[in-house]
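To start, the structure under review is shown below, and the notes come after it.
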Amino acid sequence: MIWLDVRRHSLTKKGPARGRGSHLSAEGVALARLIGAGAGPYERVVTSASPRAVETAVAMGFAVDDTAEWPSGYVADEIPRHAQWEWADPYQRLAAVVRAGRTAAGVAGELRGIFLDALDGVGEGGSALLVGHGGAIELALAACFPDGDHASWGAPFAHCDGVRLGFTGGRFATLAFDRAVTYTGR
């Protein structure tokens with residue numbers, strides 16, 4: 001089995017201090033450090049090209065090996081921006097959107113490809129870290145596990161939430177969520 005830990009970026013600055021790419025806030029750096037203390041080691045670390053994702057990996061204590069341009073998980077006429085927070089069963093809805101085979105299914109496939117690319121060069125028993133974005137991670141999971149028990153997956157990804165995926169036999173075979181609330185008590 002090869003392991004892929006996927007995390008949403010940490011908390012960002014708000015208002016005018018946000019800046020282009022939404023840099024991490026002091027609270028975001030502290031949260032990423034807390035989570036990073038119990039993570040790894042990783043043979044490979046990949047993030048989105050966005051500063052908030054790169055900064056999350058670095059604050060977790062890991063050098064970034066590569067970045068990838070992530071498509072948005074929000075697709076006009078199929079998945080409105082932040083819809084996952086409004087839906088009672090977000091993963092069931094996203095899986096249905098993927099099964100429908102329209103534009104969002106293509107985006108989901110691209111995101112799944114990013115997940116697979118993050119495993120390049122990782123040996124049997126090894127692991128990689130991938131840091132990305134809410135909305136996109138949820139859609140990618142629906143593509144990686146089309147027959148998963150979506151109703152049991154719970155809430156969309158809050159800041160620094162994660163999921164550990166097991167990859168074997170050419171497919172994603174297992175997943176276990178790792179919510180940031182476990183570390184913060186919030």
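The values are calculated or read from the model by the stated rules, or taken from the named source; none is laboratory data. Keep in mind that this is a model prediction, so the values were computed, not measured. FYI the Cβ positions are ideal-geometry reconstructions off the backbone, even for glycines, and counts take in every protein chain you see.
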Worksheet item: Taking into account only those residues within segment 15-30 that are surrounded by 11 or more Cβ atoms within 10 Å (Cβ to Cβ) and charged (D, E, K, R), which is modelled with the highest pLDDT?
Response: Glu27
Item to complete: Inspect segment 137-160 for any residue being β-branched (Val, Ile, Thr), crowded, with 17+ Cβ neighbours inside 10 Å, more than 23 Å from Ser50 (Cα to Cα) and at pLDDT 95 or above and give the result as yes or no.
Response: no
Worksheet, complete the sentence: A careful count of residues in segment 135-186 that are assigned to a helix (DSSP H, G or I), of a type outside the set (S, T, N, Q), closer than 17 Å to Arg7 by Cβ and touching a residue at least 40 places away in the same chain (Cβ under 8 Å) gives 7
Discussion item. Please pick out the residue among Ala88, Ala96 that is outside any helix (DSSP H, G or I) and farther than 29 Å from Gly40 by Cα.
Written reply: Ala88
Worksheet item: Within segment 46-56, can you find the residues that are of a type in the set (A, V, I, L, M, F, W, C) and surrounded by fewer than 23 Cβ atoms within 10 Å (Cβ to Cβ)?
Response: Ala49, Val54
Worksheet entry | Pair list, Cβ under 9 Å, 6 or more apart: segment 85-109 residue farther than 13 Å from Tyr74 by Cβ, other residue in a helix (DSSP H, G or I) and of a type in the set (Ser, Thr, Tyr) | Tyr91/Ser152
Discussion item. Taking the condition of being at pLDDT below 95 and of a type in the set (Gly, Ala, Ser), how many residues in segment 74-100 meet it?
Written reply: 3
Practice prompt. Return yes when Glu124 is modelled with pLDDT of 95 or more and part of a loop (DSSP other than H, G, I, E, B) and no when it is not.
Written response: yes
